[in-house]
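Visitor: Can you keep this structure in mind? I'll have questions shortly.
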Amino acid sequence: DAGVTQSPTHLIKTRGQQVTLRCSPKSGHDTVSWYQQALGQGPQFIFQYYEEEERQRGNFPDRFSGHQFPNYSSELNVNALLLGDSALYLCASSSPRDYRGSTDTQYFGPGTRLTVL
Amino acid sequence: AQKITQTQPGMFVQEKEAVTLDCTYDTSDPSYGLFWYKQPSSGEMIFLIYQGSYDQQNATEGRYSLNFQKARKSANLVISASQLGDSAMYFCAMRETTGANSKLTFGKGITLSVRP
């Protein structure tokens, strides 16, 4: 049973550039959430995708956008990169059908570490 | 607004001993879920345990148990028989369960170091 996968593992960009991060959910999951984790902090919710639509969004500017594909995989795009965008970006997948004693438990991927110079 | 508080400084525990990691939360929602995740230095967030606000019993998963005190709004994680591999950051998180909202709100985390 494949878990959540993310690519790339590491990425270095310069200010003003654009970046695309990718996520494949755990088998059987249809909901993808993205989080940003700055060094020494807890993850912050960016947005969540379900049925190819953004269902919920955190307090992030429009420079952060996303997409979900029919196979439930997802992309996170960040435009006009700032130094403050340097962080670990975590993708999590879930499914209302994954009842494992609870509903909608989110399972995380290994993350993409983005460095903006 | 939801809030998760983890105020302990770095925690140290001797191998094979038990340790409690504290978490308090604040919400006005009657229905919510509480989670604990482990994050090793590799970065991946590993799901450990879940407690629903209406669950009558404290959750347990192997060596992990959750001491849920609803009136005090606390959800402390207890790790029994600590192992060296338990050294990591531990995050408490809450999810409101009203409507379609299911985002997780995380605390700042606690660093646990297990001594041999």
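Visitor: Evaluate the following for residue A:98: is it at pLDDT 95 or above, out of contact with any strand residue (DSSP E or B) (no Cβ under 6 Å at 6 or more places or on another chain), over 18 Å from residue B:93 (Cα atoms) and assigned to a loop (DSSP other than H, G, I, E, B)?
Guide: No.
Visitor: Among the candidates A:81, A:39, A:88, single out the residue that is surrounded by 13 or more Cβ atoms within 10 Å (Cβ to Cβ) and closer than 27 Å to residue B:90 by Cα.
Guide: A:88
Visitor: Right, next: Condition (residue is more than 12 Å from the chain's Cα centre (by Cα) and either at pLDDT below 95 or closer than 19 Å to residue B:107 by Cβ (or both)) applied to segment A:60-67: is it met by at least one residue?
Guide: Residues of segment A:60-67 more than 12 Å from the chain's Cα centre (by Cα): A:60-63.
Keeping just the survivors that are either at pLDDT below 95 or closer than 19 Å to residue B:107 by Cβ (or both) gives none.
No, there is no match, as no residue in segment A:60-67 is more than 12 Å from the chain's Cα centre (by Cα) and either at pLDDT below 95 or closer than 19 Å to residue B:107 by Cβ (or both).
Visitor: In addition: From the list A:84, A:40, A:28, which residue is more than 14 Å from the chain's Cα centre (by Cα) and within 14 Å of chain B (Cβ to nearest Cβ)?
Guide: None of the other options fit; the residue is A:40.
Visitor: Next question, about the same structure. Answer yes or no as to whether residue A:46 is touching a residue at least 60 places away in the same chain (Cβ under 8 Å) and of a type outside the set (Asp, Glu).
Guide: No; evaluated as a whole, the condition is false for this residue.
Visitor: Next question, about the same structure. All but one of (1) within 10 Å of the chain's Cα centre (by Cα); (2) at pLDDT 95 or above; (3) of a type outside the set (Asp, Glu) hold for residue B:51; which doesn't?
Guide: Of (1) within 10 Å of the chain's Cα centre (by Cα); (2) at pLDDT 95 or above; (3) of a type outside the set (Asp, Glu), only one is false for residue B:51: (2).
The values are calculated or read from the model by the stated rules, or taken from the named source; none is laboratory data. The shown structure was predicted, so the numbers you read here are calculated from the model rather than taken from an experiment. Positions of Cβ are backbone-derived with ideal geometry, glycine not excepted, and every protein chain shown enters the neighbour counts.
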